[in-house]
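Values in this text are rule-based calculations from the coordinates and carry no lab data. In this text the structure is predicted, and so the values were computed from the model without any measurement. Every residue, glycine among them, receives a Cβ derived from its backbone with ideal geometry; neighbour counts consider all protein chains shown.
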Amino acid sequence: MIIDRIRKLSGFGRLRSLLLEVIAIFLGITASFAVEEWREERQENETFQRYLEAIYYDVMLEQVSLTYAVYNNNQHVTTLNTLLTGEHDSIPGDRLLAMVDAAFSLWAISPQDSSLRALMASDLSMPFDDTMQILTATYSTYSMMQDALQRLIADHNRTASQVSSEWGSVSNRTIFRLAPDGQSMVQGPRLDQAEYVGLRQLFFDGDTFLPEQESVAKVRQFLQLAGTRQLLAQEMERVMQASDLALGIMSVSETFKSAIRARFPDLRLSVRTLALVGSATEGGWVVAQAVPLHREREGGDWWSADLTLGDGMAKFIANGDYSTSWGVEPAWAIVDPGANQTHYLGDPAAVFPSGVAALDGQNFPIRAGRYRVRFNTHTFEYRFEAIGD
């Protein structure tokens with residue numbers, strides 16, 4: 001009855017057209033919502049991937065920092081053992097000053113977790129998948145270890161500041177001596193590699209350099225005190241605990257990396273440009289004059305260039321900045337900041353002309369010659385292949 005009335009009013013054909021139009025509008029709106037939802041999901045996936053890439057890079061840099069810390073702590077333990085055993089009586093004055101100062105130099109190891117904290121604080125409406133579960137669960141352990149490490153660092157720095165205040169040592173200043181003319185200063189002799197402990201330093205009295213003999217006498221007297229031995233023993237315990245925590249954090253960080261690699265197996269560091277910089281190149285250490293390498297194929301990981309190099313040092317840098325660089329493992333080479341040089345603990349042939357580089361590593365030793373320099377930005381493999389004229 002109603003349909004008949006509608007037919008009389010509008011006609012059956014016009015009603016059918018109207019229904020089809022309504023259906024078309026409904027389908028269009030539904031499709032629009034579906035497309036918008038797909039676009040938002042895709043955008044959030046891309047944002048999530050960028051977060052994970054940043055976390056992965058942060059973790060790699062932190063592992064490098066902690067590797068250096070553990071390596072330096074091993075030297076620190078050797079130094080403290082020497083000072084505690086009484087062997088310091090036979091140590092030359094300049095070396096003794098350096099060892100005592102290194103034992104009470106300030107520490108600084110900052111957590112590299114800003115990207116992870118940003119991800120957890122973000123409002124991404126993605127499902128709480130396996131990757132996020134692993135990152136969230138593991139971060140609590142990571143945070144606990146970092147808090148403990150930072151407390152150790154704070155305790156050490158309070159002690160170091162107290163010793164510096166009482167004995168006038170100034171951290172992070174290269175040791176110098178007054179020249180025979182009494183007016184100018186000359187740099188003191190290097191420490192040998194077995195007892196290298198960082199920056200060589202003199203004790204200061206305000207802004208005035210104390211004569212070395214007076215400084216050494218103060219140190220030898222200082223080391224005879226019972227309180228000093230207790231202080232050194234406490235410092236030994238702190239150093240060993242700090243190394244244990246650093247190794248624990250590195251293990252947890254490896255869990256982060258594994259979870260991210262499982263999600264993105266082909267994850268790569270973002271490398272837009274690659275270059276070689278250093279004293280072995282004509283441009284020296286000036287980034288703007290670094291020698292560029294080029295991809296061997298579009299989208300590939302191998303970069304190369306034919307270069308003439310001199311005797312000296314060099315390292316690979318990405319994106320025109322030292323913040324992403326590669327060199328040799330820290331356990332193989334150490335840097336004397338006072339002399340601004342790299343001392344090598346092993347045979348240079350062990351790391352040149354080929355090997356696997358370390359992110360943020362020390363400088364490569366380069367032997368003069370003409371080379372096809374090749375570097376893989378995914379595996380960090382490098383090759384200096386000698387070529388003729």
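Below, the figures for the structure above:
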item: Ala226 paired with Val287, simple spin-label distance in nm, labels 7 Å along Cα-to-beta-carbon; result: 5.5
item: For peptides 218-230, 55-67, 110-122, 247-259, sequence by mean Cβ density within 10 Å, most packed first; result: 55-67, 247-259, 110-122, 218-230
item: Modelled FRET efficiency - R0 45 Å, Arg268 with Gln162, Cβ distances, 0.05 increments; result: 0.45
item: Segments 364-372, 268-276 sorted - mean Cβ within 10 Å per residue, highest first; result: 364-372, 268-276
item: Length added when fully stretched, Asp301-Asp155, from 0.36 nm per residue minus Cα-Cα; result: 48.1 nm
